[in-house]
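Here's the structure we're looking at; comments come further down.
Nothing in this text is a laboratory measurement; each read-out follows from the coordinates by a stated rule. Everything quoted here is computed from the prediction, not taken from an experiment. Here Cβ is always computed from backbone atoms with ideal geometry, including for glycine, and neighbour counts include all displayed protein chains.
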Amino acid sequence: MEAGQHLRVKGFLFGGLTLLAFTLRAWGWGWSLPYVDHPDEPAVVQVLLRLLKGNLDPNHFFYPSLILYLQALVFKIHFWVGALTGLYSPQFILPRSTHFYTTIPGAFVWGRIFTASLGTLTVLTLALWKPLGQKAGLIGAVLLALSPWAITNSHYLTVDIPAACFALLALLSILRVAQQGTNKDYLLAGILIGLATGSKYQNALLGFSFLLAHLRPKGRRPFSQLLAGGGIAILTFFLTSPYILLDFPAFRRDMQTLFTSYEGTHGDLQHAWPLEDYLTFFWAEALGPLPFLLTLVGGVDLVRKQPTIALVLLSFPLLLILSLLRMETHFYRNLLPVQAPLLLLAGFGATSHWEYLTRFFPSRWQKPILALSLLFLLGPSFTPALRESLRLAQPDSRVTAQEWLRQNYPGVQVAAELSHPLLWQGVAQATSFHYLPLQTLGWYREQGYSFLLTNAGRRKGDEWTKDYQPLLKEGKVLRTFGGRQSQLLGPQMDILETGLTPTLLLQPTFRPGILRAAQNVRLGPLQLLGAKVGKLTQGKGGPAVLPAESLRPGETLGLRVFWRRETSLPPSAQYQIFVHLCDSQGQTLAQRDSPPWQGLFPLQTWPLNQLVSENLDLALPPTLPAGAYRLLIGLYNPLNQGRYPALVEEQAPPKSEIDLGQVELKN
């Protein structure tokens, strides 16, 4: 093969590997958003938001600051591009928190792409560097590219995958120190060790590998080289995490908390020296059965052939594993920096094993057998890798369920077991309830809810618990999204019908307390089926409108109105609802003007004859005197301010407004 053709094949091979690794890691980068399920992502983003507000002190030292500063730069670029493209308005203000739910999903996507890029760089680095030979590195790189564990962690906006990337770069540079030992090698190793430690503290163990590389058995090197490399590493670390020194009390506080947390009961394992669990994890997830065996073969063979290189390469993974084993609490993600070096050994084991086997095969058989061997080694990883990437690319059940309700039931109110219902144009169709069984189905109907959106996470599993049986006895499960048999991310979400219909609402016995208008009440194209007036409260069972006997100035008057559209509407027609609180002289003392459903569901989107309920709560000025007031409602055209006609039993009331009754305010 000619040199030019060889380079093209090599470029195609490395380019294809890079594309494969990045695609598997970046595909599904918006997983679960706007819901944030990984506990570490909002913790990292919280620090990034503080940095973006101009405070360079992260005041968070559970991780060093390098990755935090790099991700803050990524976020800064994202917000700059977002401002230029109109994604963010000039009045945009950074959120105070992103726990459980985020209003800046685009920033999360950019941060996750950054993580995926460094995960891909780890694969490419393993393929390009040649400490144990090009073939060994390439095999290790393919195994890493197809690792479901690495793929999963590359989808998170966390520091673990970046820390693994910098650790590999540092370890390979340390191998150059052992092999060549020029001043440039020491300089590069020092910088990369500092960067690796600046990404995660545990990478400081690379310093021991650096020492072993300097003290290699053959030949002596000036101590000044080691001192210079070590000094550069320390300087680089503190340059990337300067507030460890500038805000040392906060650093000491977080270190005490961090060490205490590794004595707790959380994590993947909770006992010291779980050697069997670690071996099982490496066998099943971190490496895979065959690569695990090849790592052992490669380690033994490397010790036999190149003991110095073996000592340097193995020292960091072994030290890190031993230091983690002694802890009471274990997180498998802390092992990510050892995955690439061990897979490199697996690649070395595969190549050395192949060199041994070629003695027994005729030359004409070697290429077919090599192809079959590579297929046997790499083939089992393709399906799990693709499956994991596809899994993270699936929609989230919480998003899917709410989108389905918005599309199929516009204008219908939903009580949802979600701490943060979705917003469209700043408006949520669902109302948050911590635990739906705290109220009866009749109570939800009275409050205007047509559907309950239940979250299997609240009942600790997909199966219904006894608390939900009263709801299921009266209600009907309309749709289910997610669950064990589904490909969707997120918990199982079940939609229950409450049975609230126009027919039920118009029954005289529906419930006491609703100030029901006569059956023939109309505002423009709408029929007003009823209204519930009272005091808006936020109780343990969820937001509710209670009877208004104790309503006072400064509180919020709760108003639930029930509509039905009976006629077709011109697409260009405009509508605005007004709610007025008037005194005995007819003077308006408090008012609210808003489009139907605050613009989320224009009247044209309401299905004909379907019950629509909405909240038109009214804030009462604290200066209002005690007394009796009238509550009025009407519909007008915002373009010309003209009111649409009102009818009560075919009679037109004054000013085309409907009187919803008297409201008593007490001091």
Just from the alpha-carbon atoms, what are the Rg and Dmax of the stretch 509-665 in angstroms? 15.5, 44
With the dipole of the stretch 509-665 worked out from charges on the C-beta (+1 for Lys and Arg, -1 for Asp and Glu) around the Cα centre, which of PRO525, GLY627, PRO543 lies farthest toward the positive end? PRO543
Can you return the lysines within cross-link range of LYS532? Criterion is Cα-Cα under 20 Å, with same-chain partners fewer than 8 residues away left out. LYS666
Rg/Rg_ref, the stretch 526-566, where Rg_ref = 2.2 N^0.38 Å and atoms are Cα: 1.37
Mind checking the dipole of the stretch 397-500: about its Cα centre, +1 per Lys or Arg Cβ, -1 per Asp or Glu Cβ, Debye to the nearest 20? 140
Computed label-point distance, nm, for sites ARG552 and THR567 using a 7 Å Cα→Cβ extension: 4.6
Residue (of SER241, LEU500, LEU269) at the positive-pole extreme of the chain, dipole from beta-carbon charges: SER241
Rounded, prolate or oblate: which one fits the stretch 397-500, using the alpha carbon gyration tensor with axes a ≥ b ≥ c (rounded when a/c is under 1.5, else prolate when a/b beats b/c, else oblate)? oblate
Helix 183-199: angle to the longest alpha-carbon principal axis of the chain, degrees 0 to 90, nearest 10? 30
With the dipole of the chain worked out from charges on the C-beta (+1 for Lys and Arg, -1 for Asp and Glu) around the Cα centre, which of ALA213, ASN55, VAL338 lies farthest toward the positive end? ALA213
Tell me, what is the percent relative contact order of the chain, built from C-alpha pairs under 8 Å that lie six or more residues apart? 11
Candidate lysines - alpha carbon under 25 Å from LYS473, same-chain residues fewer than 8 apart omitted: LYS460, LYS540
Karplus ³J(HN,Hα) for the stretch 413-421 (6.51 cos²θ - 1.76 cosθ + 1.60, θ = phi - 60°; Hz, whole; x = Gly/Pro) runs 7, 10, 9, 10, 7, 9, 5, 9, x
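What order, most packed first, do the peptides 163-170, 302-309, 432-439 have when packing is the mean number of other Cβ atoms within 10 Å of each residue?
163-170, 432-439, 302-309
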Two-site label geometry, THR503 and THR465: point separation in nm, points 7 Å out along Cα→Cβ: 3.6
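Starting from the coordinates of the alpha-carbon atoms of the chain, obtain the Kirkwood hydrodynamic radius over all distinct pairs and give the value in Å to one decimal.
One over the average 1/r among Cα pairs gives 29.5 Å for the chain.
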Mean ellipticity per residue at 222 nm, deg cm²/dmol - from DSSP H runs of n ≥ 4 across the chain, formula -39500 (n - 2.57): -15000 deg cm²/dmol
Point-charge dipole on Cβ atoms (K/R +1, D/E -1) for the chain, about Cα centre, debye to 20: 1660
Against the longest principal axis of the chain, how steep is helix 40-52, in degrees 0 to 90 to the nearest 10, with axes from Cα atoms? 80
Short version: ³J(HN,Hα) in whole Hz for each residue of the stretch 121-127, in order, from phi by Karplus 6.51 cos²θ - 1.76 cosθ + 1.60 (θ = phi - 60°), x for Gly and Pro, what are they? 4, 4, 4, 5, 4, 4, 6
Quick calc, the stretch 587-667, dipole around Cα centre from Cβ unit charges on Lys, Arg (+) and Asp, Glu (-), nearest 20 debye, gives 200
Rounded to whole Å, give me the distance from the Cα center of the stretch 617-634 to that of the stretch 644-667. 14
Would you mind checking which residues have amide H under 5 Å from ARG479's amide H? H placed 1.01 Å from N; only 5 or more apart, or other chain. ILE495
